[in-house]
1. Counting only helical runs of four or more DSSP H residues, what would the 222 nm mean residue ellipticity of the chain come to if each run contributes -39,500 (n - 2.57) and the total is spread over all its residues?
2. Among ARG195, ARG177, ARG71, which one shows the highest mean-square fluctuation when the chain is modelled as a Gaussian network with alpha-carbon springs under 10 Å?
3. Calculate how many DSSP beta bridges within the chain are antiparallel, expressed in % of all such bridges and rounded to the nearest 5.
4. Can you run phi through the Karplus equation (6.51, -1.76, 1.60; θ = phi - 60°) for the stretch 193-203 and list ³J(HN,Hα) in whole Hz, with x for Gly and Pro?
5. Once Lys and Arg get +1 and Asp and Glu get -1 on their Cβ, which of THR247, LEU72, ILE159 lies farthest toward the positive end of the dipole of the chain?
6. What do you get for the angle between helix 117-143 and the principal long axis of the chain? Use alpha-carbon atoms, 0 to 90 degrees, nearest ten.
7. Please state the charge dipole magnitude for the chain, taken about the Cα centre, from unit charges on C-beta atoms (+1 on K and R, -1 on D and E), reported in debye and rounded to the nearest 20.
8. Cβ under 15 Å from ASP261's Cβ, ASP261 left aside: what net charge do those residues give with Lys, Arg +1 and Asp, Glu -1?
Amino acid sequence: MSITVEQKQIVKATVSILKENGKEITSIFYKDLFNAHPELLNFFNQTDQTLGTQSFALANALYFIADNIDRLEVLMPDINTVAHKHRALTIQPEHYSIVGKCLIQAISKFLGDKATTSTLDAWSAAYYAIANILIDIEKNLYDQLGKNENDKGFIPFMIVKKEKIANGPIYSFEIKRNDGGKMLDYHPGQYITLRLKKNGLYHNRHYGLVGLFNGKTYCVGIKQLINCEPKGIFSNEIIENYHVGDTILASLPAGTFSIIDDAKRHLFIAGGIGITVLSTMIEELYKQGKSHTVTLIHCVPGKDHAAYFVRMRMRVPEKQYHLLYQGRHMLKELIKKVVSKETHVYLCGTVSFMNTVEKHLEACNFPLLNVHINVFQPLFSTVKNEAKN
């Protein structure tokens with residue numbers, strides 16, 4: 001199904017509706033989707049569902065699609081990121097028709113008598129234009145895993161090492177395949193997706209890979225989320241109940257977050273546990289003999305919360321490694337001092353942390369095209385000029 005010029009115009013005409021009412025539409029969508037297909041709960045982050053983060057992110061995505069439907073090239077970086085997450089979660093082509101049906105149904109319910117056939121057909125065409133691109137990219141990603149179908153799903157891994165590495169608390173988990181199968185190489189910035197079962201549902205989380213590939217194991221750092229509501233289902237379960245010798249499911253590495261090879265300067269800004277994936281990128285630059293190009297700002301409550309502190313001290317020149325405890329005002333002043341036009345900036349942390357850093361960078365007239373983010377929450381949680389919450 002292709003989308004016509006007229007249909008693109010119809011979709012763009014709905015931008016204001018999505019901006020004002022996007023989350024209401026997506027809330028209807030998720031309710032209908034899970035009522036009709038409760039098995040799909042196994043693919044979604046239930047904490048994000050409870051908080052409404054997923055509905056907000058999807059509302060932003062619909063707004064972004066509608067606003068750019070006549071120039072899909074603008075959407076491609078985000079489409080690629082989503083495709084990697086879908087492959088990691090083992091999303092299949094047949095899931096798209098289910099989601100498409102429920103999405104158009106939600107738009108129809110919200111619009112009521114205003115839901116004309118031409119409007120619904122236009123949105124259906126827009127949805128499948130994006131869906132077909134995703135399906136093609138995901139097929140290629142699955143093909144890259146080889147001919148063994150077992151490598152394309154969730155694979156049993158054994159926990160071979162577990163240790164507390166910082167307050168938070170933050171734990172390091174090292175895992176290896178139970179079946180002795182191949183360990184897919186990864187580039188710094190990628191993640192693996194862990195899956196566990198609790199209360200009758202599968203729960204999945206993406207965790208940035210820590211350390212350079214050794215051919216034998218994967219390592220991730222996990223912060224236990226205790227003092228928050230709702231409490232972190234996944235982090236509490238794995239830290240409290242999974243130990244050395246236990247088996248956990250994981251899919252092979254995925255992700256588009258990566259080092260910009262031709263950058264002359266690299267500024268890494270981590271909020272708390274965001275240091276995990278950034279530390280691997282710093283390790284790679286050290287291996288390449290480029291540690292002199294690296295500056296690291298790690299924002300933590302105190303030194304005892306700084307995961308990988310000793311390792312980073314060995315990899316980053318002393319005057320270019322900044323542990324920051326004093327708050328966001330100090331962060332703003334430090335960014336002014338260390339950023340330059342030749343710099344590429346890599347961010348990892350919570351949405352609020354990332355938004356704060358981006359504001360500081362904008363205040364320095366820093367080009368946001370040189371800012372690369374790896375956010376904990378769903379994609380489009382940080383889109384600006386978005387649908388209203």
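What follows is calculated from the coordinates using simple rules that are stated; it is not laboratory data. These numbers were taken from a predicted model, which means no experiment stands behind them. FYI the Cβ positions are ideal-geometry reconstructions off the backbone, even for glycines, and counts take in every protein chain you see.
1. On the way: 12 runs with 163 residues, N = 389.
Dividing the helical sum by the residues of the chain leaves -13500 deg cm²/dmol.
2. Of ARG195, ARG177, ARG71, the most mobile in the Gaussian network model is ARG71.
3. On the way: 31 of 52 bridges.
Roughly 60 percent of the beta bridges in the chain run antiparallel, per DSSP.
4. 10, 9, 9, 9, 10, 8, 6, x, 10, 7, 10
5. ILE159
6. For 117-143 against the chain, the angle is about 40 degrees.
7. On the way: 44 positive and 37 negative charges, 226 e Å.
Rounded to the nearest 20 debye, it is 1080 debye.
8. On the way: positive: LYS264, ARG265, LYS287, LYS290; negative: ASP262, GLU284, GLU342.
Neighbourhood net charge equals +1.
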